[in-house]
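Have a look at the structure below, then the notes.
What follows draws every value from the coordinates through simple rules; no lab data is involved. None of these values were measured; they are calculated from a predicted model. FYI the Cβ positions are ideal-geometry reconstructions off the backbone, even for glycines, and counts take in every protein chain you see.
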Amino acid sequence: MINKSMKSRELSQHDINLISQQMRNGLAADNKEKLDAEFRGLKQIAVKTDPKSLTDWDKESLRLATEYVHNENKDEFRRAIKRIMKLAGLNPELEKDLWTRNQTERRKINKN
């Protein structure tokens, strides 16, 4: 049973964005093969379609879909790197922190 304070709590825009992002990330990761297949099909259709016949929304939705697939591919790449680093006994977050500190120090040296 949900207590009264939880029922009356309104979701902030941040909460909604976080939930939406988590749902999208999980859905995309679970359906990666289907997503890739659909995107390949979309590209084939786009080549055969006269750009002049597309509405502004068609163009915008194509841009959004392309951006989404590219971002998911980038995220999948990063997840694969993390899995490999963990299998190698490395802590990805710690390694990133050390790398960032190194880069900061190098920039300071090069600046002087």
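When peptides 93-100, 50-57 are sorted by average Cβ neighbour count within 10 Å, with the highest value leading, the order is 93-100, 50-57. Taking a straight line from the alpha carbon of residue 32, these lysines sit under 24 Å away, with near neighbours fewer than eight places off in the same chain left out: 43, 59, 74, 82, 86.
Spatial offset of the stretch 75-112 relative to the stretch 27-67 amounts to 33 Å, using the alpha carbon center of each.
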